[in-house]
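The values are calculated or read from the model by the stated rules, or taken from the named source; none is laboratory data. From a predicted model like this one, the values you see are computed outputs, not experimental measurements. A quick note on method: Cβ atoms are made from the backbone with ideal geometry, for glycine too, and the neighbour counts reach across all protein chains shown.
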Amino acid sequence: MQTNKVSSLDKDDILAREIIQENLGGKDPDLALAEDFLEEVDVRLEQIKVYYPIMEMLRKRKMEVEFMQFVPELCFLLLAYLIYEGKLKHKGVSFQELGTFITKALRYMMVNSDAAGRELTAEILDGLQNGGRNFVLTTYDFKTGDFREKYIKLIEIKPSEDNVLEYFITEQGVDFYLRTKEFPEETKITINLLLFQKQMEKGAFGFAYETVKRLNMEVQKKKDKKYSLLEALMYGQLDSGEAYNRYHRSIVLQFEEEAELFNTAMKNVNMAFREYVDRIQNGLADEKQIRTFTLIKIIEKEIGRAQTLHTELLKEAVSFTKEYDHALGVRRKAIFTERFDFQNEFEKLVSQNERPAALKFLFEPLMNPYVRKQFNLLKAFEPQRVAQVKTGEMEEQPSEAVVDRITVDKLTGRRVRGNFVFYAARLLELLSIPGREMNLKTFAQVLVDSFSEDSVYNGDFISFILELNRDKKIGEHVKTINFADGKLELDEELKTIEAVFVKAVLSLPGQSTINQVVIQTFPETELELLPGLKITDMLFRGESKP
Amino acid sequence: MNAGMIEILDNALDILKVLLQGEEVSKNKNVLLYDKYRYNSAVEEMLVHIANRLELRIYTGSDKLFVCPEAGSRLFGWTNEELRDRISYVTTNSELFTCYFIIMTLVTMFYREAYPDTPVAYVKINDLIESVARRLENLLRIPELEKVSQENQFDFTEICKVWQRLPDAREGVSGGKNDKVAFVENVCRFLYNEKLIALDMIQRIIYPTERFKVIIWNYYEDRDNRRDLLSFVRELEVNV
C-alpha cells in the first residue's frame, strides 16, 4: 500500500515536472534550478552580507576579560543609540557621548559595571569596524568566474568642524539593525504608512508615534542609499549599474503611491488634531486627553518631517543622474590609468637602501603649501616709534590710557545729542503755552521756514521723531514724555528722551511753562513732509502737570 | 584685458588667496567664493590654471576646496630645514628622515595604492608603531646594508639607528618626550596640524581627513603628476 502511494507520488512528480518542462520550453527542470541559482546567488549573498559583521563578532567573542564578552550583543544597543540620537537628529555622536550612554545603560542592566563603560564602548566600536579595516566578504561569482569582495561598513567616523571625531551609522548599519526584526525592503514605507493609518484611526497614538519614527528612518535610509550606491560605483563593483536602475525604479514607482499615503496620513493626523482641539476648547478634555493632544502634536511634527524628507527624496533622485555620470567619469579615468602604488614605491626605496630624502617627494603633495613670508624692505621707511633714552633726565611718556582720544562713535554721539536737543527745544518753543497743539506737518514747516529744508531732511530729525514714539506698546497711539519729575539726573550722555527735553528746557531763555509733551499718532494717515519723505501723522500737545 | 576677464581673474585670485591663507572655502565657509568656483566654469578654469603655474594643485571634495603643492615645488614646498622646525623634538636630518619613514608607513597602512576612499577606516597608533618597528627590523636583516650605507651620507641605516637609539616605551622604558611612542605621536601631531589626519588620543586612533583622501585620489591618480613625482624620486637616487 505504502509502495503504491509513493509510486503515485513519484508519478505526480514526474507529471508535474513534465508540465513545468513544457512551460520552460523543453528545458530540463534541474537545469532551470541551476539557472535560477546563477541568477539569484549574488542577490542572496548581497542580502546576507550585512549579517557578516555580527557573525564575526560572535565568533571572536573575548571571554577572558570581564564585560568584554558582551560586545556582540551590545553592538545592537550602540547602533540603536546611533540611529536615535545621531541619524534621526541629523548629527554625529562623539565617543564621549557613546561612552556615557553605554555606562548608563550598563549600570541599569547589571550591577558593578561602573568601571567598564569607556573601555567597553571602545571595544564595541572597534569590533563594529573590524579594528578599522572594515569587513570584507569574499564571494565567488559563477558568471565572471572570479572571487569578488563585498564591503560592509555598519558605522563610520567623520571629523566635525572642530576636528572632533564623530560616529555615524551607515545605511548598511540601519539596514542591518532593521532587518533583524523588520519587513522586506521595498514595502517598508508603505507598510509603516498603512500601519500608521490604522493606529491613528484606532487612537493608538503611542504605537502611531513609534511607527512614525520608524517611517522617518525608512525614508532617511532610502535617501542614504544614493551615497552607498555612488560609493559602490567608485569601488568598481560590477553590479552597481543594475543597482542604480533598481534604485531609480523603486523611487519612481513607489513615490506616487507613498505620496498618496502620506497625504492620507496627514489627513488622519489633522482630523485627530481638530477633534482634540474642539474637545479642549469646549472644556471637555481631561488631563489625560490634554497629554494625548501633546503627543498628537509631536506626531504631526514627525509625520511632517517624514513627508518633507520624502519630497526631497524625489528631488535627489533627479539630481542623482548627474552624480552618477560623474562617478562613471571618475571610474572611466581609473580604468585607463594605473593606480599609484604607494606600498611598492616605498618598498623599492627601502629595499635598495637609497637616499631616504626621496621619501619626502612621495608624500609632499599631501602637505599644506608653505607660504613664505619675507621682510619687506619698504618697512624700513615706515614711521618708527623712536625710543628716547636720556641719561639723568628720563622724560615720562604719556601712557595711552590717559590720552583722551575722540573716536568716530563719540563724534557721532555728540552730534546726534546736539541735534536732538535742538529739535526738542524748537518743539518746546512752539508748544510754549499749556494746551497748545500742533501737528507734525506744522512742526516740520516751521523748521523748514526757519532753518531750511536740510533741518528736516537730516537723518537725525527722523531719528528724533522715532525716539519720541519709542517704547509704545502694540495698539497704543499715545505717548507722554514727562521731563519734570525731579528725579532726572542730567549727564552728558543724555541716555533718555526725557533727559534730552530737560537739556532743551535749560537751553531756552526764560522759564518754560510746560513740563510734559503728549504725542498722539494716527497710523492710518500718512503725510509727505517733503518730496519723498513720508511719515505717519502725529499731534504734539504741551502740558503742565504739577 | 576686458572687464569680464578681469572679473574672472579677480575671483580666481580671491579664492587662491583665501586658500593660501589657510582658510576654508566650502559650502559652509567663504560660501560666495565657493559658489563662484562651483557655478562658474570660467572661474574654475582660471583658478586651476593660475594654481598650476604656481606649482599648486586645486581639488574639490565633500563640498570643499583643497590646495596642495606639487612634489618638489620650490615655491610652496617645504625644505628639510623648515620641516625640522615644524616637527617637535626633531633636530637632525636622520631624525627627520625617520619621520618621513613613519609618514610613508602610515600612508601605506591606509592605501596600498591610490583609491577614492581608504579601505581602512582608521589606524591605531600602536599598530603604526608596530608596523614601523617591524619594517625597520626587516631592513636591518639585509646582509649588505652596512656596505651600501658606507657609500651614502644618509640612508635607511641611519633611520634604523635613530629608531634603535630611541627608548622603547612599549617595553616600559620611557624616554619622556623622546621614546619610540612619543616620537611617533609627534609625527602624528605634525600630520594633524597639516590637516591630514584626525587624532583621538583617548582611543589612540588615527583617522584620515577628507583633505587626505581627496588629494590621494586626485593628485596621485593624475598621470602627469605621477610621472613628475617618480622622476623626482629617481633623480634623487641617481644624484647621490
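Within the stretch A:431-489, the residues that satisfy the criterion of being acidic (Asp, Glu) and under 18 Å from residue A:513 (Cα atoms) are A:437, A:485. Considering the stretch B:1-38, the residues that are at pLDDT 90 or above and among the small types (Gly, Ala, Ser) include one that is farthest from residue A:161 (Cα to Cα), namely B:12.
Here the condition is being surrounded by fewer than 18 Cβ atoms within 10 Å (Cβ to Cβ) and over 22 Å from residue A:418 (Cα atoms); of A:521, A:536, it holds for A:536 alone. If only residues of the stretch B:5-34 that are under 14 Å from residue B:67 (Cα atoms) and not aliphatic (A, V, I, L, M) are counted, the one that is surrounded by the most Cβ atoms within 10 Å (Cβ to Cβ) is B:34.
In the stretch B:154-165 there is no residue that is surrounded by fewer than 20 Cβ atoms within 10 Å (Cβ to Cβ), within 19 Å of the chain's Cα centre (by Cα) and either over 25 Å from residue B:71 (Cα atoms) or at pLDDT 80 or above (or both).
Considering only residues of the stretch B:70-86 that are of a type outside the set (A, V, I, L, M, F, W, C) and closer than 21 Å to residue B:224 by Cα, which is surrounded by the most Cβ atoms within 10 Å (Cβ to Cβ)? Of everything passing the filter in the stretch B:70-86, B:70 is surrounded by the most Cβ atoms within 10 Å (Cβ to Cβ). Of A:481, A:474, all but one fail to be free of Cβ contacts under 8 Å to residues at least 40 places away in the same chain, outside any helix (DSSP H, G or I), of a type in the set (A, V, I, L, M) and within 17 Å of residue A:542 (Cα to Cα); the exception is A:481.
Given the criteria away from chain A (no Cβ under 11 Å), surrounded by fewer than 19 Cβ atoms within 10 Å (Cβ to Cβ), in a loop (DSSP other than H, G, I, E, B) and out of contact with any Cys (no Cβ under 6 Å at 6 or more places or on another chain), does residue B:131 qualify? Give the derivation first.
On the way: away from chain A (no Cβ under 11 Å): yes; surrounded by fewer than 19 Cβ atoms within 10 Å (Cβ to Cβ): yes; in a loop (DSSP other than H, G, I, E, B): no; out of contact with any Cys (no Cβ under 6 Å at 6 or more places or on another chain): yes.
Against the criterion (away from chain A (no Cβ under 11 Å), surrounded by fewer than 19 Cβ atoms within 10 Å (Cβ to Cβ), in a loop (DSSP other than H, G, I, E, B) and out of contact with any Cys (no Cβ under 6 Å at 6 or more places or on another chain)), residue B:131 does not qualify.
The residues of the stretch B:76-88 that are more than 8 Å from chain A (Cβ to nearest Cβ) and not in a helix (DSSP H, G or I), listed by number, are B:79, B:87, B:88. Somewhere in the stretch B:89-102, is a residue within 12 Å of another protein chain (Cβ to nearest Cβ), in a loop (DSSP other than H, G, I, E, B) and either in contact (Cβ under 8 Å) with a residue 12 or more places away in the chain or in contact with a Ser or Thr (Cβ under 6 Å, 6 or more places away or on another chain) (or both)? No, that holds for no residue. Only residues that are over 21 Å from residue A:54 (Cβ atoms), more than 9 Å from chain B (Cβ to nearest Cβ) and in contact (Cβ under 8 Å) with a residue 40 or more places away in the chain were counted in the stretch A:95-115, giving 1.
Taking every residue in the stretch A:30-43 that is within 11 Å of residue A:141 (Cα to Cα) and pairing it with any residue that is of a type in the set (S, T, N, Q), at least 6 positions away or on another chain, the pairs with Cβ-Cβ distances below 9 Å are A:41/A:139; A:42/A:139.
Listed residues B:71, B:114, B:121; which is in contact (Cβ under 8 Å) with a residue 60 or more places away in the chain, in a loop (DSSP other than H, G, I, E, B), over 29 Å from residue B:234 (Cβ atoms) and within 11 Å of chain A (Cβ to nearest Cβ)?
On the way: B:71 fails: over 29 Å from residue B:234 (Cβ atoms); B:114 fails: over 29 Å from residue B:234 (Cβ atoms).
From the options B:71, B:114, B:121, the qualifying one is B:121.
Of all residues in the stretch A:152-180, count the ones that are more than 9 Å from every other protein chain (Cβ to nearest Cβ), surrounded by fewer than 17 Cβ atoms within 10 Å (Cβ to Cβ) and without any contact (Cβ under 8 Å) to a residue 60 or more places away in the chain. Of the residues in that region, 1 qualify. Inside the stretch A:122-151, residues that are more than 9 Å from every other protein chain (Cβ to nearest Cβ) and touching a Gly at 6+ places or on another chain (Cβ under 9 Å) make up a count of 1.
Got a sec? Which of A:50, A:71, A:41 is over 29 Å from residue A:166 (Cβ atoms), at pLDDT 85 or above and surrounded by 14 or more Cβ atoms within 10 Å (Cβ to Cβ)?
Values: A:50 fails: over 29 Å from residue A:166 (Cβ atoms); A:71 fails: over 29 Å from residue A:166 (Cβ atoms).
Of A:50, A:71, A:41, the one residue that is over 29 Å from residue A:166 (Cβ atoms), at pLDDT 85 or above and surrounded by 14 or more Cβ atoms within 10 Å (Cβ to Cβ) is A:41.
Scanning the stretch B:53-68 finds one or more residues that are free of Cβ contacts under 8 Å to residues at least 24 places away in the same chain, in a helix (DSSP H, G or I) and either farther than 30 Å from residue B:159 by Cα or away from chain A (no Cβ under 12 Å) (or both). If you go through the stretch A:134-151 and keep only what is in contact (Cβ under 8 Å) with a residue 24 or more places away in the chain and in contact with a helix residue (DSSP H, G or I) (Cβ under 9 Å, 6 or more places away or on another chain), you end up with A:135, A:137, A:139, A:141, A:142, A:143, A:148, A:150, A:151.
If I filter the stretch A:130-145 for residues that are within 25 Å of residue B:128 (Cβ to Cβ) and under 27 Å from the mean Cα position of the chain (by Cα), do I get at least one hit? Steps first, please.
Kept after step one, since they are within 25 Å of residue B:128 (Cβ to Cβ), are these residues of the stretch A:130-145: A:130-136.
Next cut, under 27 Å from the mean Cα position of the chain (by Cα) only: none.
Scanning the stretch A:130-145 turns up no residue that is within 25 Å of residue B:128 (Cβ to Cβ) and under 27 Å from the mean Cα position of the chain (by Cα).
Residues of the stretch B:38-52 that are more than 21 Å from the chain's Cα centre (by Cα) and either crowded, with 21+ Cβ neighbours inside 10 Å or assigned to a strand (DSSP E or B) (or both): B:43, B:46, B:47.
Can you name the residue in the stretch A:408-417 that is in contact with a helix residue (DSSP H, G or I) (Cβ under 9 Å, 6 or more places away or on another chain) and free of Cβ contacts under 8 Å to residues at least 60 places away in the same chain and is also surrounded by the fewest Cβ atoms within 10 Å (Cβ to Cβ) among such residues? Break it down into steps so the answer makes sense when it comes.
Our first condition is that a residue be in contact with a helix residue (DSSP H, G or I) (Cβ under 9 Å, 6 or more places away or on another chain); within the stretch A:408-417, this holds for A:415-417.
Restricting the remaining residues to those that are free of Cβ contacts under 8 Å to residues at least 60 places away in the same chain gives A:415-416.
Numbers: A:415: 11, A:416: 17.
Per the stated criteria, the residue is A:415.
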